[in-house]
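Below is one structure; the comments refer to it alone.
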Amino acid sequence: MNSKDFSSSNLAKVVATVKIFFRQELLPLLADLRLAILLLLAIAAFSISGTVIEQGQSIPYYQSNYPENPALFGFLTWKVIIILGLDRVYRTWWFLSLLILFGTSLTACTFTRQFPALKAARNWKFFDRSGQFEKLALSAEFETGSLNSLLPALQKRRYRIFQEGNSLYARKGIVGRIGPIVVHASMLIVLAGSIWGAMTGFMAQELIPSGGSFQVKNIVDAGPLANPQILKDWSVKVNRFWIDYTPEGGIDQFYSDLSVLDKEGKEVDRQKIYVNKPLRYRGVTLYQTDWSIAAIRFQLNNSPILQLPMAQLDTGGQGRIWGTWIPTKPDLSEGVSLLARDLQGTLLIYDTKGQLQTTVREGMATVINGVRLKIVEVVGSTGLQIKADPGIPIVYTGFGLLMLSVMMSYVSHSQIWALQKDGRLYVGGRTNRAQVAFEREIIEILEELQRPEMSEKVAIAPTSLASES
């Protein structure tokens, strides 16, 4: 034997060993229900953590909300979140690995258990001995009778009937055996959609003042296969942003009137969005998530309308407040500080010494440092979250199929056998669920076989229905 033949022989042995290991060791492990449950619990736990812990935020955000001292629950700090990837759970390698492993387990279970169960349900044989009926959940023996007298009762109950000589087999509800396979397939579709969305989706955040236009550029989180090029050919204009307030002064709802513009600046879509009512365009969804105060428009005496930006001030967690400084002299030697908490409330005016001088509202005027100051408009900014998730249609398809397959799984697979032999008629059956309903159906069929003029005796087998799985 030359070295080439020896190498081929060794390779064949290795391949055979791998096949044996896969079939006898690895495949049963992957198809184990306990492993599938464990993986499902892990996926659920990490999904919950991804819901509780804000995703895709900056490191300073996590440093502020998850400090090292004191650590949340004694261990959860911003360093733990960053190191473990809990700030981007759904795109971490370990979470995607869990999804793939769970999908592999479902696939293994489908091919090792569900398909064989379906094959066994479709492969049937006629009974040719009366003793075979003793093993059934419910059976009866008639001293007289024929298979033809049984046919109408079975047809009325939509059984599919097979007959050969003096033997009969009938079944219905084969879809109940197909249901579990479709359940697994739909779950695999959901997993595939989740993985595809994590790999190709992205999220951006924009804070745009009322009247401004923008192209989505501030992408804060993206999958390795994401394609931001779909954002290059169009832009968005914020026609108007406003807030509705409750009688008590709290925020009721905030709105953005948005226009989608093409390359030439022509409007191709226009919608009013608010919380829970986003705008969708070319696979991208714009959500209303936040707001801010962008600028103040004002007039000094008879000057043109001027505009200055307003910045959010640090209040140490005591609420949100914005401020700016307005000069009241051309040489900027004097001026006032203006503070605002919202788009409808009172604006506070302070002098250079930090003393409150007066209050004013939008559309009103006041005299300060000998100058008439009129507040024309408080300009708000809309906070938008922009997301693209190409996996969502796949996930929705999987969930729709899952609901259908769950209903399919509740259909009982019922089987009935009959044998006419030695002047006697034997009838029996079994089902995989709804045992009581099946027992009633069998009894009704047997009662229909009995006729007043016939002296047939029906003997119900003592086998308990509960013992038939």
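The values are calculated or read from the model by the stated rules, or taken from the named source; none is laboratory data. Please read these numbers as outputs of a predicted model, since none were measured by experiment. So basically every Cβ, Gly included, is an ideal-geometry build from the backbone, and we count neighbours across all protein chains shown.
Filter region 271-286 down to the residues that are free of Cβ contacts under 8 Å to residues at least 24 places away in the same chain, under 20 Å from the mean Cα position of the chain (by Cα) and surrounded by fewer than 16 Cβ atoms within 10 Å (Cβ to Cβ) and list them by number.
Val275, Asn276, Lys277, Arg280
Restricting attention to region 423-444, which residues are within 21 Å of Asp128 (Cα to Cα) and either surrounded by 13 or more Cβ atoms within 10 Å (Cβ to Cβ) or at pLDDT 85 or above (or both)?
Within region 423-444, Arg424, Leu425, Tyr426, Val427, Gly428, Gly429, Arg430, Thr431, Ile442 meet the criteria.
If only one of Gly201, Gly193, Gly211, Gly173 is crowded, with 21+ Cβ neighbours inside 10 Å and on the phi > 0 side of the Ramachandran plot, which one is it? Spell out the reasoning first.
Working: Gly201 fails: on the phi > 0 side of the Ramachandran plot; Gly193 fails: on the phi > 0 side of the Ramachandran plot; Gly211 fails: crowded, with 21+ Cβ neighbours inside 10 Å.
Step by step, each of Gly201, Gly193, Gly211, Gly173 is checked, and only Gly173 is crowded, with 21+ Cβ neighbours inside 10 Å and on the phi > 0 side of the Ramachandran plot.
Tell me, which residue of region 1-34 that is among the small types (Gly, Ala, Ser) and in a helix (DSSP H, G or I) is modelled with the lowest pLDDT?
Ser3
Quick check on my filter: what residues within region 327-346 are part of a strand (DSSP E or B) and touching a residue at least 40 places away in the same chain (Cβ under 8 Å)?
Across region 327-346, the qualifying residues are Leu338, Ala340.
For region 137-170, name all the residues that are in a loop (DSSP other than H, G, I, E, B), modelled with pLDDT of 85 or more and not charged (D, E, K, R). Talk me through it step by step, then tell me what you get.
Initially, region 137-170 is screened for residues in a loop (DSSP other than H, G, I, E, B), giving 137, 143-146, 150, 157-159, 165-166.
Imposing the further condition that a residue be modelled with pLDDT of 85 or more reduces the set to 150, 157-159, 165-166.
Across region 137-170, the qualifying residues are Leu150, Tyr159, Gly165, Asn166.
Being outside any strand (DSSP E or B) and closer than 9 Å to Lys237 by Cα is the filter here, so list the residues in region 199-214 that pass it.
Going residue by residue through region 199-214, those that are outside any strand (DSSP E or B) are 199-201, 210-212.
Within region 199-214, Ser210, Gly211, Gly212 qualify.
Can you tell me which of (1) at pLDDT 90 or above; (2) closer than 23 Å to Ile386 by Cα is the one Gly283 doesn't meet?
The failed condition is (1).
Restricting to region 243-260, and then to whatever is modelled with pLDDT of 90 or more and more than 28 Å from the chain's Cα centre (by Cα), can you tell me which residue is farthest from Ala226 (Cα to Cα)?
Result: Asp257.
Okay, residues lined up against (1) part of a strand (DSSP E or B); (2) in contact (Cβ under 8 Å) with a residue 40 or more places away in the chain; (3) surrounded by 12 or more Cβ atoms within 10 Å (Cβ to Cβ); (4) within 37 Å of the chain's Cα centre (by Cα):
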{"position": "Lys263", "(1), (2), (3), (4)": "no, no, no, yes"}
{"position": "Asp269", "(1), (2), (3), (4)": "yes, no, yes, yes"}
{"position": "Gln288", "(1), (2), (3), (4)": "yes, yes, yes, yes"}
{"position": "Ser292", "(1), (2), (3), (4)": "yes, yes, yes, yes"}
{"position": "Ile296", "(1), (2), (3), (4)": "yes, yes, yes, no"}
{"position": "Gln307", "(1), (2), (3), (4)": "yes, yes, yes, no"}
{"position": "Thr315", "(1), (2), (3), (4)": "no, no, no, no"}
{"position": "Gly319", "(1), (2), (3), (4)": "no, no, no, yes"}
{"position": "Trp325", "(1), (2), (3), (4)": "yes, no, yes, no"}
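Yes/no per residue for (1) outside the structural domain of Leu26 (by TED's automatic domain parsing); (2) more than 26 Å from Glu25 (Cα to Cα); (3) of a type in the set (Phe, Trp, Tyr); (4) assigned to a loop (DSSP other than H, G, I, E, B):
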residue: Ala36; (1), (2), (3), (4): no, no, no, no
residue: Leu40; (1), (2), (3), (4): no, no, no, no
residue: Ala44; (1), (2), (3), (4): no, yes, no, no
residue: Glu54; (1), (2), (3), (4): no, yes, no, yes
residue: Tyr61; (1), (2), (3), (4): no, yes, yes, no
residue: Asn69; (1), (2), (3), (4): no, yes, no, yes
residue: Ile81; (1), (2), (3), (4): no, yes, no, no
residue: Trp94; (1), (2), (3), (4): no, no, yes, no
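Per-residue answers, yes or no, for (1) without any contact (Cβ under 8 Å) to a residue 40 or more places away in the chain; (2) within 30 Å of Glu267 (Cβ to Cβ); (3) out of contact with any Asp or Glu (no Cβ under 7 Å at 6 or more places or on another chain); (4) not hydroxyl-bearing (Ser, Thr, Tyr):
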site	(1), (2), (3), (4)
Lys172	no, no, yes, yes
Phe214	yes, yes, no, yes
Gly223	no, no, yes, yes
Pro228	yes, yes, yes, yes
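Let's see how each residue does on (1) farther than 27 Å from Lys172 by Cα; (2) surrounded by 20 or more Cβ atoms within 10 Å (Cβ to Cβ):
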position	(1), (2)
Lys79	yes, no
Ile83	yes, no
Ser97	yes, no
Leu101	yes, no
Phe111	no, no
Ala137	no, yes
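Kindly establish whether Lys263 is out of contact with any Pro (no Cβ under 6 Å at 6 or more places or on another chain) and either at pLDDT 90 or above or among the hydroxyl-bearing types (Ser, Thr, Tyr) (or both).
When the stated conditions are applied, Lys263 does not pass them.
Suppose we keep only residues that are hydroxyl-bearing (Ser, Thr, Tyr) and farther than 17 Å from Val378 by Cβ within region 239-261. Which one would you say is surrounded by the fewest Cβ atoms within 10 Å (Cβ to Cβ)?
Initial filter on region 239-261 (hydroxyl-bearing (Ser, Thr, Tyr)): 245-246, 255-256, 259.
Adding the requirement that they be farther than 17 Å from Val378 by Cβ leaves 246, 259.
Numbers: Thr246: 9, Ser259: 18.
Per the criteria, the residue is Thr246.
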